[in-house]
Protein chains: 2
Amino acid sequence: MVQKPSIPKGTRDFGQREMAGRNYIFDTIKGVFKTFGYSQIDTPAMENLSTLLGKYGEEGDKLLFRVLNSGDAFGKVDLESFRDEEGKVNSVALSKEVCEKGLRYDLTVPFARFVVQHQNEITFPFKRFQIQPVWRADRPQKGRYREFYQCDVDVIGSRSQLCELELVQIVDRVFSLLDVNVLVKINNRKVLTGFAEICGFPDKVVDITVAIDKLDKIGLEAVEEEMRGKGLTDSAIEVIEQILKLSGTTSEKIASMRSLMGGGSASGLVSETGLKGLDELEELFGLVEAAGVSSPVEIDLSLARGLNYYTGAIFEVKALDFAIGSICGGGRYDNLTGIFGLPGMSGVGISFGADRIYDVLMGLDKFPKDLKSFTTLLFANMGPAETRYLIPVAKELRDRGVAVEIYPDSSKLKKQFDYADRKSIPFLSITGENEMVAGQVNVKNLVSGEQKLFKKDDIEAIMAFLGQPVEK
Amino acid sequence: MVQKPSIPKGTRDFGQREMAGRNYIFDTIKGVFKTFGYSQIDTPAMENLSTLLGKYGEEGDKLLFRVLNSGDAFGKVDLESFRDEEGKVNSVALSKEVCEKGLRYDLTVPFARFVVQHQNEITFPFKRFQIQPVWRADRPQKGRYREFYQCDVDVIGSRSQLCELELVQIVDRVFSLLDVNVLVKINNRKVLTGFAEICGFPDKVVDITVAIDKLDKIGLEAVEEEMRGKGLTDSAIEVIEQILKLSGTTSEKIASMRSLMGGGSASGLVSETGLKGLDELEELFGLVEAAGVSSPVEIDLSLARGLNYYTGAIFEVKALDFAIGSICGGGRYDNLTGIFGLPGMSGVGISFGADRIYDVLMGLDKFPKDLKSFTTLLFANMGPAETRYLIPVAKELRDRGVAVEIYPDSSKLKKQFDYADRKSIPFLSITGENEMVAGQVNVKNLVSGEQKLFKKDDIEAIMAFLGQPVEK
């Protein structure tokens, strides 16, 4: 017996209904991107490993899928030279020797590579989006896959806060179209740097941000304890306490932070970087207000995603009515293309998490109802003569954009009904000899039960009965 | 100095204009597929090598890209056991040991795997399309890539010739929408088998088809010479001569072939399979006529693509006004899923060659002119106050689907004009302080030079000036 085939763990097949849902999400997002003047690029699934290695940290390097060189991959390799003193093979070194290519791990590094490679053809500021799968040799688990789509939008070549505003507007519009309530959280890397500076520990940005993040979960005392463990002094902790106690509206918070950064904190230290970050935040919130963004937008000082390469704004989006992690996130980076030899390019971007957005729409039952049927009208097959009679009718409807099927075999009607039912086809035509002789077509609305006879060439009347827009 | 980054040979980046062209092709094709009730599936890029190996012949196995197992791929492998007597490493065997997965080589085998794996969830006849990249470690050359998209449409689970008709109609409609004149060539595997049978050499189908194919190029005598070399007898060659001399309309050709197959050839042999193939051809051409297909459709007895697994109709589509190989092809197969343990499933499908169709549209200048501009209107940036004034206007236009940009920086106007020019943006707004004070917006048509002032909230008038459809 042949074994039933399967797919690699952590990968997925998407059937027709899942694809319809995914395409609905992608088409909505793409439509919004386009109204802001962003357009699509595609990069190859395989990149040279020299492009990918060292860009995601040591852990990331391990998670890269490597593609074996084609041809006689091992023929010219001295396998012995890859053994250590105990005779064990060094897989990392050997795999570098026999694999020159790897699968894309994200869309950010290929984008940076693209910008540098094509810098002379590109018009800056460069507004691009990219929707492609990425691959990671992560341990598969619920909600984590080895192949998944990323959906990135970035503008590179401008430092204007208008770019940040656009991304907030894009998020607002996308989730308004998807009918999902979201909260947009904003932070700024320069402000986080500023906090570390006025604490007197400019190199402890990460520790201080982690501490701020834990406040809700473990409380002020535990946070202070942890800070001491990290080597922070009492006076530094006093400053952190001042930060943690910030409250009020966004503008009140910004004003209080401005006072702390300007020398008004317990340490009396001033942070120019922090003040610059506050200018950015203030400008962005002013623009968000001018734009009439309808989703709530708030400052979240604990937001630290991608801390290692973000240099300005940091974004995260959460669904308000469905418990799932962040569904969208991003930030500003000043040195994305520096790794490939093009310094000084500032950009900002966000990434939509398609899998999670899918789960949110499923969980909240927000997918449009008509996504589950692909065919509007099924012509039952009553025999060869009836079928030939109907083929031109089907053609006229299809040419006008209606999805029409003729059942291919003149099977028992029960079987054809089942087909319509399983495919959720809303209209059925059982046009037999009598209708054919009379030059008519019978159409039944399977939902309401209403049934009507049409002249076979009165396509507009049939379209109207099918609920299809009739062109004038 | 950092080396300028590059991508693996045989792969490509697609910039914004190429993507717009490719999306235009894919969207057109998808739109037509949908009107025939086909819907999309996606399968993972990586398949288990056990799914892929042995499906594409020995040569195909060599062209598979193999993905190195993640983790310590070589750690548990006894490298020594992969050496032959001369100490040379057997790359094929070793790569099987260290690679369990490979990249998809086509969409056909993953489709067969999908049908078998999900047979209990699928409604048959199963009408699916799939548009995804495939990877082949072929020697890269002009027009041949290591990563390229396939665009397949198949129906599986019916033997009706209505399925073949639908594919012909799909081809006809797609190329009519793309404004490309095509010739649809049809052959039938059973007819080819029939020819071999009435020649008395039922196992020489391939040789005989190749001979028929060469007639145009090398002439009758050379073909006969070659046939003798393959071991065919004089009487067999006499039958081939009779086949080669077939002429007339499609129905005349079918009638002549029917007479040959029925015992009227020089050999007097009868082929039941051949007669069955002629029934299929006759039925299909009858349906094509009933459907009013507008592209020319003709029988081509030399058409032999995929001879090894096609069992009925064979299709090929050529562009009439542009010299390039076939741009679309396919056929009927009776045993696609048998390799995975599900016998008796007949299906038929075709594949659109996106790269070649792109070349045809470029060569014939058939891409819509508006594909090269992504943004309809650029608001020049005259400073922060003007920008804030314009943000709500931009929002209203975007919400109605118009692609609008606000230049992010208040750079010199020359630079902003250049940006509009390089991006082929057709409308520019230079709205300065005067307009702002008057509550107006200035819009200029950069093509005609016409310039107009609008009230800032008269969005419908602005839409009309931009040539955008205004909703009622």
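The values are calculated or read from the model by the stated rules, or taken from the named source; none is laboratory data. Here the structure is a predicted model, which is why all the values come from computation and not from measurement. Here Cβ is always computed from backbone atoms with ideal geometry, including for glycine, and neighbour counts include all displayed protein chains. Accessible surface areas use protein heavy atoms only, side chains included; no ligands, DNA or RNA. Shrake-Rupley method; radii C 1.70, N 1.55, O 1.52, S 1.80 Å.
Just to check your reading of the model, which residue among A:Ser256, A:Ser294 is touching a helix residue (DSSP H, G or I) at 6+ places or on another chain (Cβ under 9 Å), among the polar types (S, T, N, Q), open to solvent by 40 Å² or more (accessible area, probe 1.4 Å) and closer than 28 Å to A:Lys30 by Cβ?
A:Ser294
Can you tell me how many residues in the stretch A:139-156 are over 15 Å from the mean Cα position of the chain (by Cα) and facing chain B (nearest Cβ under 9 Å)?
Taking the stretch A:139-156 as the starting set, the residues that turn out to be over 15 Å from the mean Cα position of the chain (by Cα) are A:139-142, A:146, A:155-156.
Right, trim to facing chain B (nearest Cβ under 9 Å) and you get A:146, A:155.
The total comes to 2.
Starting from residues that are assigned to a helix (DSSP H, G or I), free of Cβ contacts under 8 Å to residues at least 12 places away in the same chain and within 21 Å of A:Gly268 (Cβ to Cβ), keep the ones in the stretch A:229-255 and report whichever is farthest from the chain's Cα centre (by Cα).
Step one: list which residues in the stretch A:229-255 are assigned to a helix (DSSP H, G or I), which gives A:229, A:234-244, A:250-255.
Those left that are additionally free of Cβ contacts under 8 Å to residues at least 12 places away in the same chain: A:229, A:234, A:252, A:255.
Filter once more, so that each one left must be within 21 Å of A:Gly268 (Cβ to Cβ): A:234, A:255.
Numbers: A:Asp234: 42, A:Ala255: 34 Å.
It comes out as A:Asp234.
Condition test on B:Asp61, is it more than 21 Å from A:Phe82 (Cα to Cα), within 21 Å of the chain's Cα centre (by Cα), among the acidic types (Asp, Glu) and at pLDDT 90 or above? Step through it out loud before you land on a result.
Working: more than 21 Å from A:Phe82 (Cα to Cα): yes; within 21 Å of the chain's Cα centre (by Cα): no; among the acidic types (Asp, Glu): yes; at pLDDT 90 or above: yes.
Considered against the rule, which asks whether it is more than 21 Å from A:Phe82 (Cα to Cα), within 21 Å of the chain's Cα centre (by Cα), among the acidic types (Asp, Glu) and at pLDDT 90 or above, B:Asp61 comes out as no.
Which numbered condition in (1) open to solvent by 50 Å² or more (accessible area, probe 1.4 Å); (2) over 43 Å from the mean Cα position of the chain (by Cα) is the only one that A:Gly432 fails?
It is condition (1) that A:Gly432 fails.
If B:Ile208 meets every condition in (1) crowded, with 21+ Cβ neighbours inside 10 Å; (2) modelled with pLDDT of 95 or more apart from one, which number is that one?
Looking at each condition in turn, B:Ile208 falls short on (2).
Could you go through the stretch B:377-387 and let me know if any residue there is farther than 28 Å from A:Ser294 by Cα and surrounded by fewer than 18 Cβ atoms within 10 Å (Cβ to Cβ).
Kept after step one, since they are farther than 28 Å from A:Ser294 by Cα, are these residues of the stretch B:377-387: none.
Within the stretch B:377-387 (the criterion being farther than 28 Å from A:Ser294 by Cα and surrounded by fewer than 18 Cβ atoms within 10 Å (Cβ to Cβ)), the answer is no, since none of the residues qualifies.
Given the criteria in the same structural domain as B:Gln161 (by TED's automatic domain parsing) and not in a helix (DSSP H, G or I), does B:Gly344 qualify?
Judged against the criteria, B:Gly344 is a match.
Filter the stretch A:391-410 down to the residues that are more than 7 Å from chain B (Cβ to nearest Cβ) and touching a residue at least 24 places away in the same chain (Cβ under 8 Å) and list them by number.
Of everything in the stretch A:391-410, those that are more than 7 Å from chain B (Cβ to nearest Cβ) and touching a residue at least 24 places away in the same chain (Cβ under 8 Å) turn out to be A:Val393, A:Glu396, A:Leu397, A:Arg400, A:Tyr407, A:Ser410.
Please tell me if B:Ile198 is among the hydrophobic types (A, V, I, L, M, F, W, C), part of a helix (DSSP H, G or I), modelled with pLDDT under 95 and more than 29 Å from A:Ile131 (Cβ to Cβ). Write out each step before concluding.
Numbers: among the hydrophobic types (A, V, I, L, M, F, W, C): yes; part of a helix (DSSP H, G or I): yes; modelled with pLDDT under 95: no; more than 29 Å from A:Ile131 (Cβ to Cβ): yes.
No; evaluated as a whole, the condition is false for this residue.
Could you please find all residues in the stretch B:318-341 being within 14 Å of chain A (Cβ to nearest Cβ), part of a loop (DSSP other than H, G, I, E, B) and open to solvent by 10 Å² or more (accessible area, probe 1.4 Å)? Reasoning before the result, please.
Applying the first criterion (within 14 Å of chain A (Cβ to nearest Cβ)) to the stretch B:318-341 yields B:332, B:335-341.
Now narrow it down to the ones that are part of a loop (DSSP other than H, G, I, E, B): B:335-337, B:341.
B:Asn335, B:Leu336, B:Gly341 - these are the residues of the stretch B:318-341 that are within 14 Å of chain A (Cβ to nearest Cβ), part of a loop (DSSP other than H, G, I, E, B) and open to solvent by 10 Å² or more (accessible area, probe 1.4 Å).
Looking at A:Val171, A:Val109, A:Val155, can you tell me which residue is in a helix (DSSP H, G or I), open to solvent by less than 50 Å² (accessible area, probe 1.4 Å) and in contact with a helix residue (DSSP H, G or I) (Cβ under 8 Å, 6 or more places away or on another chain)? Quick ask: steps written out before the conclusion?
On the way: A:Val171 fails: in contact with a helix residue (DSSP H, G or I) (Cβ under 8 Å, 6 or more places away or on another chain); A:Val155 fails: in a helix (DSSP H, G or I).
That would be A:Val109, the only listed residue that is in a helix (DSSP H, G or I), open to solvent by less than 50 Å² (accessible area, probe 1.4 Å) and in contact with a helix residue (DSSP H, G or I) (Cβ under 8 Å, 6 or more places away or on another chain).
Find the residue count for the stretch A:314-341, including only residues that are within 21 Å of A:Glu280 (Cα to Cα) and either among the charged types (D, E, K, R) or outside the structural domain of A:Ser158 (by TED's automatic domain parsing) (or both).
Total satisfying the criteria: 3.
Would you be able to tell me the number of residues in the stretch A:359-370 that are in a helix (DSSP H, G or I) and open to solvent by 40 Å² or more (accessible area, probe 1.4 Å)?
The initial filter retains those residues of the stretch A:359-370 that are in a helix (DSSP H, G or I), namely A:359-363, A:369-370.
After this cut, where a residue has to be open to solvent by 40 Å² or more (accessible area, probe 1.4 Å) as well, the list is A:359, A:362-363, A:369-370.
Residues that pass the stated criteria total 5.
In the stretch B:112-143, which residues are open to solvent by less than 30 Å² (accessible area, probe 1.4 Å), in contact with an Asp or Glu (Cβ under 8 Å, 6 or more places away or on another chain) and more than 27 Å from A:Ser373 (Cα to Cα)?
B:Val134, B:Trp135 - these are the residues of the stretch B:112-143 that are open to solvent by less than 30 Å² (accessible area, probe 1.4 Å), in contact with an Asp or Glu (Cβ under 8 Å, 6 or more places away or on another chain) and more than 27 Å from A:Ser373 (Cα to Cα).
Taking the stretch B:308-317 as the search range and keeping residues that are open to solvent by 20 Å² or more (accessible area, probe 1.4 Å) and touching a Leu at 6+ places or on another chain (Cβ under 9 Å), which one is nearest to B:Glu252 (Cα to Cα)?
The first filter runs over the stretch B:308-317 and keeps only residues open to solvent by 20 Å² or more (accessible area, probe 1.4 Å), leaving B:308-311, B:316.
From what's left, touching a Leu at 6+ places or on another chain (Cβ under 9 Å): B:309, B:316.
Numbers: B:Tyr309: 28, B:Glu316: 21 Å.
By that ranking, first place goes to B:Glu316.
Restricting attention to the stretch B:158-175, which residues are facing another protein chain (nearest Cβ under 9 Å) and touching a residue at least 60 places away in the same chain (Cβ under 8 Å)? Lay out the reasoning, then the answer.
Narrowing the stretch B:158-175 to residues facing another protein chain (nearest Cβ under 9 Å): B:158-163, B:165-166, B:169, B:173.
Passing the criteria: B:Ser158, B:Arg159, B:Gln161, B:Leu162, B:Cys163, B:Leu165, B:Glu166, B:Gln169, B:Arg173.
Between residues in the stretch A:58-86 that are over 23 Å from A:Arg136 (Cα atoms) and of a type in the set (A, V, I, L, M) and residues that are modelled with pLDDT under 85 and assigned to a helix (DSSP H, G or I), which pairs lie under 9 Å by C-beta distance while being six or more apart or on different chains?
Every condition considered, the pairs that remain are A:Leu79/B:Leu79; A:Leu79/B:Glu80.
Report yes if some residue within the stretch B:149-167 is closer than 28 Å to A:Cys99 by Cβ and in contact with a strand residue (DSSP E or B) (Cβ under 7 Å, 6 or more places away or on another chain); otherwise report no. Reasoning before the result, please.
Let us first name the residues in the stretch B:149-167 that are closer than 28 Å to A:Cys99 by Cβ, namely B:149-150.
Still in the running and in contact with a strand residue (DSSP E or B) (Cβ under 7 Å, 6 or more places away or on another chain): B:149-150.
The answer is yes, given that some residue of the stretch B:149-167 is closer than 28 Å to A:Cys99 by Cβ and in contact with a strand residue (DSSP E or B) (Cβ under 7 Å, 6 or more places away or on another chain).
So if I check each of A:Asp409, A:Asp370, which one is among the charged types (D, E, K, R) and over 19 Å from B:Gln40 (Cα atoms)?
Working: A:Asp370 fails: over 19 Å from B:Gln40 (Cα atoms).
Answer to the selection: A:Asp409.
Of the conditions (1) under 17 Å from A:Asp106 (Cα atoms); (2) open to solvent by 20 Å² or more (accessible area, probe 1.4 Å); (3) not hydrophobic (A, V, I, L, M, F, W, C), A:Gly344 fails just one. Which one is it?
Only one criterion is unmet by A:Gly344, namely (1).
Name the single residue that is farthest from the other protein chains (Cβ to nearest Cβ) among those in the stretch B:100-133 being touching a Pro at 6+ places or on another chain (Cβ under 7 Å) and under 19 Å from A:Leu103 (Cα atoms). Lay out the reasoning, then the answer.
Within the stretch B:100-133, the subset touching a Pro at 6+ places or on another chain (Cβ under 7 Å) is B:101, B:104, B:113, B:116-117, B:125.
With under 19 Å from A:Leu103 (Cα atoms) added as a condition, the list becomes B:101, B:104.
Numbers: B:Lys101: 5, B:Arg104: 10 Å.
Here the residue is B:Arg104.
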